[in-house]
Amino acid sequence: MSWKLFWLLVEAARLTVLYSAISISIGFVISAAICSAVMSSNRSLSLIGRLYISFFRGTPLLVQLLLIYYLLPSIGLDVPSDVAAIAGMAFCTSSYQAEILRGGFAGVPKGMVEAADICGFSRYDTFRRIRLPIAVKLTMPALISEAIMMLKSSSLVSVVGVIELTRMAQNLAASTYKPLQIYTAAGAIYLAINIVVAIFGSRLEKRMSWGRL
Amino acid sequence: EDILAKVKADGVLKVGTETAFAPFDFINDSGEHVGLNVDVFAEIGKELGVKIEWVTLPWDGVLPGLESGKFDMVAGPATITNARMERYRFSSPVAEATVALLKKAGDDSIMKPEDVAGKAVGSGKATAQLAQLEEFSKTLPTPVDAQEFVSFNEAYAALASGRVVAVANSYPNIAYVAQQQSDTFALVEPPFGVKTYFGFPGRKDAEYASLMDAVDEALLKMKSDGRMAEMQKKWFGVAFDTPEKITEAAF
Amino acid sequence: MSSSPAIKVDSLVKRFGDTTVLNGIDLEVPRGEVTCLIGPSGSGKSTLLRCIAFLEEASDGFIEIDGEPLGFALGPSGERMRLPAGAIRSVRSRIGMVFQQFNLWPHMTALGNVSEALVTVRGMKRKQAEERAMAELEKVGLGQRASHYPSELSGGQQQRVAIARSLALEPRIMLFDEPTSSLDPELTGEVLNVMRDLAKTGMTMLVVTHEIGFAASVGAKIVFLDHGKLLVEGGPQEVFGKPRHPRIEQFLDTYLDRGAATLL
Amino acid sequence: MSSSPAIKVDSLVKRFGDTTVLNGIDLEVPRGEVTCLIGPSGSGKSTLLRCIAFLEEASDGFIEIDGEPLGFALGPSGERMRLPAGAIRSVRSRIGMVFQQFNLWPHMTALGNVSEALVTVRGMKRKQAEERAMAELEKVGLGQRASHYPSELSGGQQQRVAIARSLALEPRIMLFDEPTSSLDPELTGEVLNVMRDLAKTGMTMLVVTHEIGFAASVGAKIVFLDHGKLLVEGGPQEVFGKPRHPRIEQFLDTYLDRGAATLL
Amino acid sequence: MSFNVDLVVSFLPTILSALGVTFLLWVAGSGLGLIVGFLVAVARRYGPRPVNYLLMLPVEVIRGTPSLVQIFLLYYGGPYIGLSLDKVTAGIVALTIYGAAYYSELWRTGFEAIPKGHVEAADCVGLSKTQTMRRIILPEMTMLILPSMVNMTILMLKETAILSIISVPELTLAVSAIGTQYYAFVESFTILALLYWALVEACSAAGRYAEARLSKYRFSAS
Ligand SMILES: Nc1ncnc2c1ncn2[C@@H]1O[C@H](COP(=O)(O)OP(=O)(O)OP(=O)(O)O)[C@@H](O)[C@H]1O
Ligand SMILES: Nc1ncnc2c1ncn2[C@@H]1O[C@H](COP(=O)(O)OP(=O)(O)OP(=O)(O)O)[C@@H](O)[C@H]1O
Ligand SMILES: [Mg+2]
Ligand SMILES: [Mg+2]
Ligand SMILES: O=S(=O)([O-])[O-]
């Protein structure tokens, strides 16, 4: 395989990284909100959270992207393809992240929350400053896994016209008829990106290694 | 609102296609979108006096995109069949789509289409080409073992790795593959089965009629003045005779 | 207001499901002194403290802090009525609490633990809050350890950080729930000394403890709880001096039985 | 066999990386008596106990239980040799241990915690095991709480379940690592009575404790550990009686400081 | 856009049999993946040090590359090295390997969360390693990892769709084929979304049921 083709893959991988990074970050903010809605004692809030998760976790990302990109225009909302791609990915990953976090929240010792109560924290502050960081720490490996999964699922955003790594590989495989080489190269690029993510993740885990709770 | 009027007013014709369908649409070594469609639409643009704006999507997204108005028509050509004509309006045919076989280079056991009797032959799932292969199989002493793939690109991979001995696909596509990868693949002449054609799908709705008429008019002009034949030669190595209009397909 | 006790507990009842854990507690905690809550395991000491800290809502009865009702008050037609959240927060902010298990936040340094509420709750600037926190940590002898995480501190040090965290918010009343029972004796000493110093400053303190020695020497008032009821209350001489209530006698016997007397 | 001590520790060394935590311990724990292990924090008491329970593997030296080697023995050519797993399991099954933290299993009720090993390890029928467990729980005064999960029990109650869990297996030797550090005086007395009864039935006990009073009155033998070395050992009079070893003197001072003396 | 109900009805038998294939692949892939992942996690967490490092490489490579690429290489690349699996076997093998890598990390998260003392207590009362695993570690960590396990199992369902690339007659391939043949894309995507959603809901419901049964005790990390 020529360097020229490989470079085309690398160029496309830049989009993969960009779209993933943006949507995973946005997704995390959404997931924290959704997770607290689900755990809320307010029943309708909790129901909304659960429906959100049910929909975005229950249907394929492909279908969600198609809905955002192709169905919204029919109700007069024309979504550009980059916005559709990021929104679709962010909604999807947030539903998974919310479920992961929920497990983490169950592991936050009650005493930590009571200490915040006593110090006069509002529920929002307790959530933001105490429960969320501890829950994130407890579920860090799962969250990093989810980020890596999402990075790979980003291949589906080609359906709204973004030519990212997988799509470029498919295009090149179709014109060069050397799919094994092209896909191996694409796989290696994904691996390289994900190794960086994993290293970043374990750094983060170390930084959060204030020992056992 | 009349779409042709809108296109002319904007000065832009938006065309959707997928770029994994050589030699009609594909990405070349320099990362450029090239192929017969690109050349044909460049000419259509000249005829209509508008610029062409390409929207490239995977095939799964192309027809939904057409239906939701993301673009005005589709370039990625499709075999014109009666079932499909119920849903879309097709342009005047731009190439023959009759089915031929691709084999591994140096495979002497297959010299003519009939030689695949009793062997594993791949094709695209739910495609017109697969249907033709199955029809052809019935005429053979022992039927072929027809293997279905999610797209032709996987079928070629299966051929290269020896999982099938041949792939049935439209003549222009196969001829191009054989020419590009002469070390690996070879064309089995002649094509077989009934004659079918490739056309560009567009919408049947009334407001699109004027646009599709104008495109047909441009295509006919290109066919009559030889531009079409020239482009076919460039991309397929041969020129095809294509009818002016298909109203009733072979199946 | 200065005439009202720091804490006034009135007919407090707390049930968990079918079990009644506190069965009508009446208690006054005087201002500026140390009141010690003793009693056997399961008698409801922690529960009472948690009700006063409003970590648990009492099932019935009332609590007043500095004469102001906490959580519930008597309504116009004589019914028990929940107060608005704002009122609860304001009354509660006068109370600090130190737990048996320290409950330091593991993701913050000692300094972070102490300064966090100053920033988040009091809205102080981070820098200013950290200066205040540092001063608090120095008071409990931990200036050198400000940048350590809880997991890097010994139990006694962790508990002193927990005390500093509470004190930084300048509470008028401090509640302690067995602050030394998960500490070794040598470390216990550090924490009890900090508490003694605090008592000298005139802080109102309500302390659940098993350190009878500490209760006897520092407690101005001793309260003995048994089976969710307040059984005996009074100064250390009244409670521990002879003649004693038979239940206290029995309670202390087990203590003497441990042989401490033989040695000391 | 009856002439050998219940536990014999011979030149035991334990290193964690570069730090030597136990630095050549020789110790005999006599049968049927209570031996108390005291010493300042970090002196290696827990580590020694954990080596004897085979929760840690010693770096060097030997341990014998009832005259049988635990974990390691001297090989034919004089080298230290690891014994097969089966032999380790069999020797180890004679030992029960109660931890400083309760270490109850949070997903089982009190009854489940106590009966689990009876079913899983001893192969008893569930029903029979639960009857035994129930009896054990009643001995520590928790018959009423059998169906509660650890999170629903007070600290004191949790520790009592942990003790019952150990006793249910009828070990021949019991190791206690500060078993009463979260119990109040009254319950400590009950538990210590159980321990005394156990000693009378021929149970050998090795107890790490900060309850100097208990050590002085119940311990037939007192062992003082300091910086990973055995500093003083002997009967309570020898160790605590005057004149005392200067290090012991210093150690005891920290206790007097807590003010226990003012009362008792 | 219009929706052709008759078309969907006429293809119901094809759709249902494809649904069956998808379901089988899902159950086999995630079931085997769970087991293999568990063994990998146990070997990494409780086995000798070198085993941990030895297994780290394949786990990270599998987690780091798209399943599409893995399946493509296994099925179309396999014959070049004499490994000619049939498509369903290749599909299940690929899913199992892919799932095992992810599941093993979840299992490991759970192992890490168990306080050491709880395992030591089991050790002291004579529970063997397997008994400790079965009776103490697994039940105790369930509440923490159950939501992530359900997540992953749902992702495994979606991964089965990738097997269309090696022509396994599963749901996505079958339904999108109807789309290709009749150009009925709205219909096919709607059907796909509904069927996948139904399977996912069944899985989440099972997860919720398990959580409800297990939440009698509150997981405590102390
Ligand atoms: N959340 C709860 N649900 C049910 N029962 C509870 C709960 N919390 C406490 N109890 C019960 O209430 C009783 C009193 O508990 P509390 O913790 O107040 O006792 P305590 O006097 O502090 O004991 P200790 O000295 O052991 O800490 C105990 O019997 C306990 O089991
Ligand atoms: N796993 C370990 N790794 C490194 N150092 C350790 C480990 N366990 C214990 N230590 C160190 O060994 C020394 C002795 O610890 P040990 O727990 O035995 O003391 P102790 O006498 O039981 O103290 P305490 O009274 O506080 O419980 C301490 O300095 C401790 O930091
Ligand atoms: Mg208590
Ligand atoms: Mg210790
Ligand atoms: O080993 S025990 O936890 O049963 O003491």
Per-q log10 I(q)/I(0), the range B:1-125, q = 0.17, 0.22 Å⁻¹ (Debye; single scatterer per alpha-carbon; no solvent): -0.99, -1.39
Return the percentage of antiparallel bridges among DSSP beta bridges fully within the protein assembly as shown, rounded to the nearest 5 %. 55 percent
Over every pair of different alpha-carbon atoms in the range C:105-171, take the mean of 1/r and invert it; report that Kirkwood radius in Å. 11.3 Å
How many Lys pairs in chain D lie less than 26 angstrom apart by Cα atoms, where the lysines are 8 or more positions apart or on different chains? 18
The aspartates and glutamates whose Cα lies under 13 Å from the Cα of residue B:234, excluding any fewer than 8 residues away in the same chain, are B:39
Taking Cα atoms, how many degrees apart are the long axis of helix A:165-176 and the longest axis of chain A, rounded to 10 and kept between 0 and 90? 10 degrees
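Do you know the relative contact order of the range E:1-113, to the nearest whole percent, from alpha carbon pairs under 8 angstrom that are 6+ apart? All intermediate terms of the calculation are to be shown ahead of the outcome.
Working: 84 pairs, mean separation 48.6, N = 113.
Once normalised by length, the contact order is 43 percent.
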Counting lysine pairs in chain A that sit 8 or more positions apart or on different chains, with Cα atoms under 28 Å apart, gives 8
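Which value, in debye to the nearest 20, gives the size of the charge dipole of the protein assembly as shown about its Cα centre, when Lys and Arg are +1 and Asp and Glu are -1 at the Cβ? List each step's numbers first, then the result.
Values: 117 positive and 124 negative charges, 375 e Å.
Charge dipole, the protein assembly as shown, about its Cα centre: 1800 debye, nearest 20.
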With a 10 Å cut-off between alpha carbons and a GNM built on chain C, which of C:37, C:48, C:27 moves the most? C:27
Dipole of the protein assembly as shown [Lys/Arg +1, Asp/Glu -1 at C-beta], most positive-end residue of B:197, B:7, C:108: C:108
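What's the average, rounded to a whole number, of partner chain beta-carbon atoms within 10 Å of each residue's beta-carbon in E:184-191?
Details: counts 3, 11, 7, 0, 1, 10, 1, 0.
Other-chain Cβ atoms within 10 Å of each residue's Cβ, averaged: 4.
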Going out from 0 in 10 Å bins, what whole percent of all Cα-Cα distances in the range A:16-162 drops into each bin? 12, 37, 31, 15, 5, 0
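To the nearest whole number, what is the average tally of beta carbon atoms from other chains within 10 Å of the beta carbons of peptide C:143-155? Walk me through the numbers before you get to the answer.
Details: counts 0, 0, 0, 0, 0, 1, 3, 3, 5, 2, 0, 2, 1.
For peptide C:143-155, the averaged partner shielding equals 1.
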How many partner chain Cβ atoms sit within 10 Å of a residue's Cβ in peptide A:58-71, on average, as a whole number? 6
Any chance you could give the angle, 0 to 90 degrees and rounded to 10, that helix E:12-46 forms with the longest Cα principal axis of chain E? 20 degrees
Heads up, I need the accessible area for residue E:26: 1.4 angstrom probe, whole protein in place, Å², nearest 10. 20 Å²
Cα lying deepest toward the dipole's positive end in chain A, options A:13, A:53, A:87, charges on Cβ: A:53
Calc'd 3J(HN,Hα), the range E:57-67, phi into Karplus 6.51 cos²θ - 1.76 cosθ + 1.60 (θ = phi - 60°), Hz, glycine/Pro = x, comes to 4, x, 4, 5, 5, 5, 5, x, 10, x, 4
Taking R0 as 35 Å and r as the Cβ-Cβ distance between residue A:46 and residue E:190, the FRET efficiency 1/(1 + (r/R0)^6), rounded to the nearest 0.05, comes to 0.80
Span from the the range A:26-99 Cα centroid across to the the range C:37-57 one, whole angstrom: 45 Å
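Per residue of chain D, what 222 nm ellipticity follows from adding -39500 (n - 2.57) for every DSSP H run with n ≥ 4, rounded to the nearest 500?
After summing the helix terms and dividing by residue count, I get -10500 deg cm²/dmol.
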In whole Hz, the Karplus estimates of ³J(HN,Hα) for the range E:157-173 (6.51, -1.76, 1.60; θ = phi - 60°; x where Gly or Pro) are 4, 5, 5, 4, 5, 5, 5, 4, 5, 10, 6, 5, x, 8, 4, 4, 5
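Starting from the exponent 0.38 and prefactor 2.2 Å, build the expected Rg for the protein assembly as shown from its residue count and divide its actual Cα Rg by it.
Details: Rg = 38.7 Å, N = 1214, 2.2 N^0.38 = 32.7 Å.
Normalised Rg, Cα atoms only: 1.18.
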Phi to ³J(HN,Hα) by Karplus 6.51 cos²θ - 1.76 cosθ + 1.60 over the range C:53-61, Hz, x for Gly, Pro: 7, 6, 7, 10, 9, 5, 7, 7, x
Label-point separation (nm) for residue A:208 and residue C:4, each offset 7 Å from Cα along Cα-to-Cβ? 4.4 nm
Which value, in Å² rounded to 10, gives the accessible area of residue B:135 with a 1.4 Å probe and all protein chains present? 110 Å²
With the convex hull built on the Cα atoms of chain B, state its orientation-averaged projected area in nm². 13.1 nm²
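Can you tell me the dipole magnitude for chain E around its Cα centre, using point charges on the Cβ only (Lys, Arg +1; Asp, Glu -1), in Debye to the nearest 20? Let's see the in-between values first.
Details: 15 positive and 13 negative charges, 171 e Å.
The calculated dipole for chain E is roughly 820 debye.
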Unit charges at the beta carbon, dipole of the protein assembly as shown: most positive-side option, B:122, C:220, E:118: C:220
The range A:16-162, relative contact order in percent, only Cα pairs under 8 angstrom and at least six apart counted: 35 percent
Which loop-located GluC sites (Glu not before Pro) does the range C:102-166 contain, where loop means any DSSP state but H, G, I, E or B and the Cβ has at most 16 other Cβ atoms within 10 Å? none
Could you work out the percent of alpha carbon pairs in chain D separated by over 33 Å, rounded to a whole number? 23 percent
If a/c stays under 1.5 just call it rounded; otherwise compare a/b with b/c (prolate if a/b is bigger, oblate if not). Do that for the range E:17-103, with a ≥ b ≥ c from the square roots of the Cα gyration tensor eigenvalues. oblate
Is the shape of chain E rounded, prolate or oblate, going by the alpha carbon gyration tensor and its root eigenvalues a ≥ b ≥ c, with a/c under 1.5 for rounded and a/b larger than b/c for prolate? oblate
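The values are calculated or read from the model by the stated rules, or taken from the named source; none is laboratory data. All figures in this text were calculated on a predicted structure; none of them were measured in a lab. For neighbour counting, all protein chains shown are included, and Cβ atoms are generated from backbone atoms with ideal geometry for every residue, glycine included. Remember, those area values only see protein heavy atoms, side chains included, never the ligands or the DNA or RNA. Shrake-Rupley method; radii C 1.70, N 1.55, O 1.52, S 1.80 Å.
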